[in-house]
Amino acid sequence: MATSFGLETVLVPNGTDPDQFIDVVALHGIAGLGRESWLYAGDGELKYRRWFEDQCPNIRFSVYDYPFLDGQANVFVRGGIRREALRLLEALTALRAAADEKKRRIMFFGHDIGGVIIKEVIDSLFFRLKLDSLPGMSLPLTFHP
């Protein structure tokens, strides 16, 4: 069982063109925890890491692990899912702090609750984009007694 939670990069790009680099983030579901969820049975090698390494040298592959069974987070309710999505966004922001990394494309892989957290991440990103556009908008408010 994993002892720490968060984002762990398990494969860095070995391609030569940074403009083509892509971040891939995998989130486990109910059936597994962190890295363990993405392992080949028996050999300890990450399944998707091996595939990406062979198919695309421009991938940075990271695994996001979140508390599931130990009671540190409650991912079975909306608030718990939202908190975990925000933690993932903070981890991605830190990982992608360099200017050239901010423009990288991101691909998410998840199953079960991991997929629900991914949906919440996407909702949060769209909400942030809407907030960024608010200063240029005028919003008429009408109050009725």
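No value in this document is a laboratory result; all are computed from the given coordinates. Remember, predicted model here, so these are calculated numbers, not experimental data. Neighbour counts are summed over all protein chains in view; Cβ atoms, including those assigned to glycine, are modelled from backbone coordinates with ideal geometry.
Key figures for this structure:
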| item | result |
| --- | --- |
| Residue 54/residue 126 FRET efficiency (R0 30 Å; Cβ-Cβ; nearest 0.05) | 0.35 |
| Protection proxy ranking of 57-68, 90-101, 116-127 - average other beta-carbon atoms within 10 Å, highest first | 57-68, 116-127, 90-101 |
| Label-point separation, residue 8 to residue 86 (7 Å along Cα→Cβ), nm | 2.6 |
| Virtual spin-label span in nm between residue 111 and residue 93, 7 Å along Cα→Cβ | 3.2 |
